[in-house]
1. Yes or no: the stretch 14-35 includes at least one residue that is within 17 Å of Asp125 (Cα to Cα) and touching an Asp or Glu at 6+ places or on another chain (Cβ under 8 Å).
2. Given the structure, is Asp31 open to solvent by 60 Å² or more (accessible area, probe 1.4 Å), assigned to a strand (DSSP E or B) and without any contact (Cβ under 8 Å) to a residue 40 or more places away in the chain?
3. Out of all the residues in the stretch 46-81, which are more than 16 Å from Ile32 (Cα to Cα), surrounded by 15 or more Cβ atoms within 10 Å (Cβ to Cβ) and free of Cβ contacts under 8 Å to residues at least 40 places away in the same chain?
4. Of the residues that make up the stretch 41-61, is at least one under 21 Å from Thr23 (Cα atoms) and among the polar types (S, T, N, Q)?
5. I'm told Ala89 meets every condition in (1) assigned to a strand (DSSP E or B); (2) out of contact with any Ser or Thr (no Cβ under 6 Å at 6 or more places or on another chain); (3) without any contact (Cβ under 8 Å) to a residue 40 or more places away in the chain; (4) buried (at least 17 other Cβ atoms within 10 Å of the Cβ) except one. Can you identify the failing condition by its number?
6. Taking Ser85 as the residue in question, decide whether it is more than 12 Å from the chain's Cα centre (by Cα) and hydroxyl-bearing (Ser, Thr, Tyr).
7. Looking at Phe16 and the list (1) over 21 Å from His72 (Cα atoms); (2) in contact with a Phe, Trp or Tyr (Cβ under 8 Å, 6 or more places away or on another chain); (3) of a type outside the set (D, E, K, R), which single condition is not satisfied?
8. Any chance you could count how many residues in the stretch 95-120 are farther than 25 Å from Leu27 by Cβ, open to solvent by 50 Å² or more (accessible area, probe 1.4 Å) and not in a loop (DSSP other than H, G, I, E, B)?
Amino acid sequence: MAHPNVDLLNKGYDAFDKGDLDTIRQLFTDDIVFHVGGNNQLTGDYRGVDEVFGFFGKIVELTGGTFKIERHAILADDEHGAVLSTSTAQRDGKSLSVKTVDVHHFSGDRVSEIWTLDEDQRATDAFFS
């Protein structure tokens with residue numbers, strides 16, 4: 001039987017795939033922080049649900065809605081979760097396919113902090129620059 005936080009993360013990623021922000025809002029703490037590394041126009045720390053949703057919107061805008069996350073595995077315990085995936089997108093004649101790990105911190109039954117780490121940050125930077 002999977003840990004409940006594995007189910008929570010699957011629910012969140014399913015909602016992201018569908019653009020279901022109402023469900024995602026229920027899974028995030030109000031003061032969530034989403035950390036995006038690299039050196040491109042998405043790089044930064046997004047604080048609070050509204051900023052995180054703005055970040056999601058920017059991804060959709062920049063990729064014309066082509067951004068997809070293919071989950072490979074989800075690991076979780078009471079405090080932390082990790083989603084191993086491949087992110088793909090198209091933009092301005094360029095294609096992106098990069099393995100990614102999203103690390104989540106839980107506060108109770110909600111996600112309070114996320115770090116996204118790309119296998120090839122230079123490729124991600126070139127794609128989003």
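The values are calculated or read from the model by the stated rules, or taken from the named source; none is laboratory data. What you are looking at is a predicted structure, and each value in this text was computed from that prediction instead of being measured. As a convention, Cβ positions derive from the backbone with ideal geometry for all residues, glycine included, and neighbour counts pool all protein chains shown. Heavy atoms of the whole protein, side chains included, go into the accessibility calculation; ligands, DNA and RNA do not. Shrake-Rupley method; radii C 1.70, N 1.55, O 1.52, S 1.80 Å.
1. yes
2. Judged against the criteria, Asp31 is not a match.
3. Residues satisfying the conditions are Ile59, Thr63, Phe67.
4. No; the residues of the stretch 41-61 include none that is under 21 Å from Thr23 (Cα atoms) and among the polar types (S, T, N, Q).
5. Unmet condition: (2).
6. No.
7. If we test Phe16 against (1) over 21 Å from His72 (Cα atoms); (2) in contact with a Phe, Trp or Tyr (Cβ under 8 Å, 6 or more places away or on another chain); (3) of a type outside the set (D, E, K, R), just (1) comes out false.
8. Number of matching residues: 2.
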